[in-house]
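Have a look at the structure below, then the notes.
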Amino acid sequence: MASLIKTNLSFIVSIILVSHVFCQPGDIVDPNKPEPGINDGGSDYTKPAIESAFLGQWAIDNPDAGVAAMQLQLMPNDKVIWFDTTSLGPSALKLPEGVPCTENPDQNNQPDCYAHAIAYDWKTSLYRPLTLKGDAWCSSGNLWPNGNLVATGGTYSGNKAIRVLANNDDPRSDFDTRLNVLADGRWYSSNQVLEDGSAIVLGGRDSYSYEIVPPQMEFQPKRFDLPFLKETTTPGLGPGKPVENNLYPFLFLLPDGNVFLFANNRAISFAPQTGQVVREYPELPGGSRNYPPSGSSALLPLKLTADNQGLNPEIVICGGNVPNAYELVDARHVTEKQFLPALKDCHRIQPLAPNAAWVDEQEMPSPRTMGDLIHLANADLLMLNGAQKGTSGWEDSTDANLTPLLYTPYKPMGQRFKELAPTTIARMYHSCAALLPNTQVLVAGSNMHQFYTYNVEYPTELRVEKFTPPYLDPALDPQRPTITVDATDVILKYGTPFRVTATLPRETPFALGEIKLTMLYPPFTTHGFSQNQRMIIPAITTVEENVINAVAPASGAIAPPGYYILFVNYLGVPSQGLWIHID
């Protein structure tokens, strides 16, 4: 016991020393000074993280998946679901023989014999078609606590639809669709799962409201007006010529249960059960960050304490374009397109800090619009996809950004972005990415055109890629943990201890300060925003040989109920992931 106390005391002292080491000049500290007792996150290693010179690697996972990935969700059954639209003609994948064609209500109920959605098995690269009813073009979505996928809204007949796909391995499983059940039309809207497992569906074209959708198909819709959405809408130029600049708004559930909302260049937090605005934040200067300028945003990892003290969450926003960029490039506004350079700037804010304000983050090495910003298994982030000029919209961008960026938010300023190995495939408008349980990144989609088009500079992209991040450098394999599944708790309860058992190839026991647990809530990704994306770093209390004892998040406000992917990291080198569930 004395030895254990001594070890833990040494660990605590080391953490204090490391906190001083990591608070370098240029780090983001002011003006978002947290109150005493607020946890700021940062490094929880007592030794330097292992870094590799390996810049990653790209590989084709499937040469033709048949359906372009406009909206994408990884499910706990290890299927990646993606879909596009039913109102813009055929896809490249016919329904198999014996599967009846569907009637398309947006095409005079004509039979549609093409698939517009697939379930892709990331382990085997095989896929099967799914059927859509009610157009899901530019819709939103999330997972329910039971792992089912819900897709909300779209356009035309799908404007007020919800579609649910069960989290099971039944090869006949398909979307269960209900039309006209939402309170408002939801085209270009965003979802955020709440602490009770329900989700808000917010915004959309001409929809200045939100509603709460519970995790079941039968519910009474209720509309909450949100004037902030009208205030942040750039006036259109006339009938049929929308601009907006605030579609697909950025939403994040805060640890106090309120929701942070960013639209165009402004932000508020509000109480989801009442719609009351709790706080207004300063304007973010420099440009517009939502669709169609389409910047990227993420909630940085939430690092917890053993006693689940208050958190000081932090949000980053990068890229986008100037407010009039869409007007100068879209065919509804001009005959001569002007592709303005996208923005390179990034900014961070701590929305629960008493003097919350935007702080300049390090600039990206290259400009980017429509980029995907996703969490990696070791709590770094990856920026990929998108373009260097223009905006979202049919053929409204050019100069594909082929170079992904590794973003390490707690390194000293000037060291936070690292350019990685470029791809050779342009992933622009309507492309998606997702972190997989094997710690690779699946990348799919890109359709710059109204219909499937191939004989142009940026063709509709049906190839599926996997990107291998730097932490999968084979030279790091001797440092890579392996989770012992049978000796690990996969059902977690809020605020209670849980156990993870893992080993290193060199049979060296783990030590406090050398390991980190990460839990990823898999997001619904579309149009450059990963909705519901959330990474939790639970507190580790003790380590006994290969058994890691930790404390689960305190509540659904920190970790909404449902399925997460658990990773064990040894000095920045992650294990393969394991699906776990918390409620």
Let's see if you can work this out: charge +1 on each Lys and Arg Cβ, -1 on each Asp and Glu Cβ, no other charges. What is the dipole magnitude of the range 127-246 about its Cα centre, in debye to the nearest 20? 360
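Size of the dipole of the chain about the Cα centre, Lys and Arg at +1 and Asp and Glu at -1 on the beta carbon, nothing else charged, in debye to 20?
On the way: 40 positive and 59 negative charges, 37 e Å.
It comes to approximately 180 debye.
Just list whichever of K79/K389; K160/K344; K303/K466 have alpha carbons separated by over 30 Å in the model shown. Walk me through the numbers on the way to the answer.
Details: K79/K389 33 Å; K160/K344 36 Å; K303/K466 28 Å.
Over 30 Å Cα-Cα: K79/K389; K160/K344.
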Within the range 201-235, name every residue whose backbone N is under 20 Å away from a label modeled 7 Å from Cα of R178 along the Cβ vector. 201-203, 210-224
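For n ≥ 4 DSSP H runs only, could you compute -39500 (n - 2.57) per run for the chain, divide by its residues and tell me the 222 nm figure to the nearest 500? Write out the running numbers ahead of the final one.
Working: 2 runs with 26 residues, N = 583.
Estimated from H runs of four or more residues: -1500 deg cm²/dmol.
How about the range 495-583: which GluC sites (Glu not before Pro) there are in a DSSP loop, with at most 13 other Cβ atoms within 10 Å of their Cβ? Please list the in-between numbers first.
Details: sites: E507, E514, E544, E545; in loops: E507, E514, E545.
When the GluC sites (Glu not before Pro) of the range 495-583 are filtered for loop state and at most 13 Cβ neighbours within 10 Å, E507, E545 remain.
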Filtered hits (aspartates and glutamates, Cα-Cα < 14 Å from K516, offset >= 8 within chain) -> D44, D380
So how tilted is helix 2-22 from the main axis of the chain? Cα-based, degrees 0 to 90, rounded to 10. 50
Place +1 on the Cβ of every Lys and Arg and -1 on the Cβ of every Asp and Glu in the chain, take the dipole about the Cα centre, and give the residue among W394, L520, Y458 whose Cα lies farthest towards its positive end. L520
Going by Cα centres, the range 168-200 and the range 205-283 are how many Å apart? 17
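Give me the Kirkwood hydrodynamic radius of the range 350-503 in Å, from all C-alpha pairs, to one decimal place? Don't skip to the end; give the middle numbers.
On the way: mean 1/r = 0.0550 Å⁻¹.
Result for the range 350-503, one decimal place: 18.2 Å.
For the range 323-472, what relative contact order do you get, as a whole percent, if you take Cα pairs closer than 8 Å and at least 6 residues apart? Don't jump to the answer; show the numbers that get you there.
Working: 335 pairs, mean separation 24.2, N = 150.
That works out to 16 percent.
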Which of A151, L165, G89 sits farthest toward the positive end of the charge dipole of the chain, with +1 on the Cβ of Lys and Arg and -1 on the Cβ of Asp and Glu? A151
Which percent of Cα-Cα pairs in the range 375-437 sits in each 5 Å bin, short to long? 4, 17, 21, 22, 18, 12, 5, 1
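Provide the per residue accessible area, probe 1.4 Å, for the chain, rounded to a whole number of square angstrom. Working shown, then result.
Details: 21250 Å² over 583 residues.
Heavy-atom accessible area per residue stands at 36 Å².
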Can you list residues from other chains, or at least 5 along the same chain, whose modelled amide H is less than 5 Å from the amide H of A298? V316
Expressed as a whole number of Å, what is the distance separating the alpha-carbon centroids of the range 343-373 and the range 504-551? 25
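Carbon and sulfur: what percent of the range 504-573's accessible surface (1.4 Å probe)?
Details: 690 of 1450 Å².
About 48 percent, which is the carbon plus sulfur part of the accessible surface.
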Per the charge dipole of the chain (beta-carbon charges, Lys/Arg positive, Asp/Glu negative, Cα centre), the residue among Q415, L492, S366 reaching farthest to the positive end is Q415
Which percent, nearest 5, of DSSP beta bridges in the chain are antiparallel? 95
Provide the per-residue ³J(HN,Hα) series for the range 529-541, in order, calculated from phi with Karplus coefficients 6.51, -1.76, 1.60 and θ = phi - 60°, each as a whole number of Hz, with x at glycine and proline positions. 10, 8, 5, 6, 4, 7, 10, 10, 10, x, 6, 9, 9
Amide hydrogen neighbours beyond the local backbone of L352, cut-off 5 Å, H modeled: none
All-pairs Cα distance distribution in the chain, expressed in whole percent, bin size 20 Å: 22, 58, 19, 1
Can you check what the net charge comes to around A59, using other residues whose Cβ is under 9 Å from the Cβ of A59 (Lys, Arg +1; Asp, Glu -1)? -1
Taking H placed 1.01 Å from N in the peptide plane, check which residues at least 5 places from F250 or on another chain put their amide H under 5 Å from its amide H. F262
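Cβ under 11 Å from A400's Cβ, A400 left aside: what net charge do those residues give with Lys, Arg +1 and Asp, Glu -1? Don't skip to the answer; put the middle values down first.
Numbers: positive: R368, K389, R427; negative: D399, E457, E461.
Local charge sum for A400: 0.
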One-quarter of the Cα convex hull surface for the range 58-105, in nm²? 5.1
Here the residues of the range 127-159 lying in the modelled label zone of C101, meaning backbone nitrogen under 19 Å from a point 7 Å along Cα-to-Cβ, are 129-135
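The values are calculated or read from the model by the stated rules, or taken from the named source; none is laboratory data. Being a predicted model, the structure only gives us computed values, none of them experimental. With ideal geometry, Cβ positions are generated from the backbone for all residues, glycine too; neighbour counts draw on all protein chains shown. Keep in mind that these areas ignore ligands, DNA and RNA; they rest on the heavy atoms of the full protein, side chains included. Shrake-Rupley method; radii C 1.70, N 1.55, O 1.52, S 1.80 Å.
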